[in-house]
Structure formats: structure tokens, C-alpha cells
Amino acid sequence: MVLALNVFHHFLKKETTYFKLIDLLKNLKMREMFFQPHLPNEPQMRNAYKNYANEEFVEFILQNSNLHKVKFISVEGRRPIYKLY
């Protein structure tokens with residue numbers, strides 16, 4: 001199980017770390033992930049290499065990992081939480 005709450009967006013800020021995130025996701029062997037994305041309109045993401053909307057970010061993870069399904073869980077602090085499995 002991977003708990004990724006408010007962390008993966010840091011990999012989106014630069015091209016080099018973006019591709020490291022792809023490598024990480026492809027090499028993780030997991031049954032489920034609890035994922036909370038950033039808010040795309042946050043100032044810290046203004047000049048990011050990639051700045052996915054919430055559903056786009058979920059889809060990006062599904063495309064680059066061994067996970068295939070998603071379930072919305074709730075919203076915490078204006079940020080959604082998803083279970084990917």
C-alpha cells in the first residue's frame with residue numbers, strides 16, 4: 001500500500017523529476033494507493049513542468065503504474081482523496 005498525500009505534485013515542477021516520478025510509478029509493486037493531489041491553481045505550481053487537474057493526475061498515475069481502478073473517497077482541506085487499486 002502506498003500513501004501519497006500531497007506529495008507527488010513536487011515531482012511535476014521540473015522535467016527531470018517528472019520523469020523520475022514515471023520511473024517510480026512503473027517500478028512500484030502495490031495493491032493500492034491512497035492519493036491526494038495538489039490544487040492546480042496553487043501559486044507553487046505556477047511555472048511547473050506539468051500541472052495536472054485532479055482527474056488528469058489520477059489518470060496519469062493509472063497509466064504509469066500497475067493500478068487500474070479509482071474510487072473517490074472524500075475531500076480533505078479542499079483536496080480530494082482517491083483510492084487507486
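The values are calculated or read from the model by the stated rules, or taken from the named source; none is laboratory data. It should be emphasised that the depicted structure is a prediction, and the values quoted were computed from it without experimental measurement. Note that we place each Cβ from the backbone using ideal geometry, even for glycine, and neighbour counts take in every protein chain shown. When the accessible area is computed, the model is the full protein with side chains, heavy atoms only, and any ligands, DNA or RNA have been set aside. Shrake-Rupley method; radii C 1.70, N 1.55, O 1.52, S 1.80 Å.
Looking only at the chain, where both bridge partners belong to it, what percent of the DSSP beta bridges are antiparallel (to the nearest 5)? Provide the component values of the computation, followed by the final result.
Details: 9 of 13 bridges.
If I count the DSSP bridges inside the chain, around 70 percent turn out antiparallel.
Note the full-extension length gain between L62 and I22 as 0.36 nm times their separation in residues minus their Cα-Cα distance, in nm to one decimal.
Numbers: separation 40, 0.36 × 40 = 14.40 nm, distance 1.08 nm.
Additional length available on full extension: 13.3 nm.
Which of the lysines could be linked to K14 by a straight reach, that is with a Cα gap under 23 Å, when you skip same-chain ones fewer than 8 residues away?
Once the sequence-local lysines are set aside, what remains near K14 is K26, K50.
Using Cα positions and a limit of under 17 Å, work out the lysines in reach of K71, with same-chain residues fewer than 8 apart set aside.
Cross-link targets: K83.
Can you figure out the FRET efficiency of Q44 with F72, using R₀ = 25 Å and their beta-carbon distance, to the nearest 0.05? Before the final figure, lay out each step's value.
On the way: r = 24 Å, r/R0 = 0.96.
The pair Q44/F72 has a calculated efficiency of 0.55.
Would you check the accessible area of S74, probe 1.4 Å, heavy atoms only, in square angstrom rounded to 10?
Surface open to solvent at S74 totals about 40 Å².
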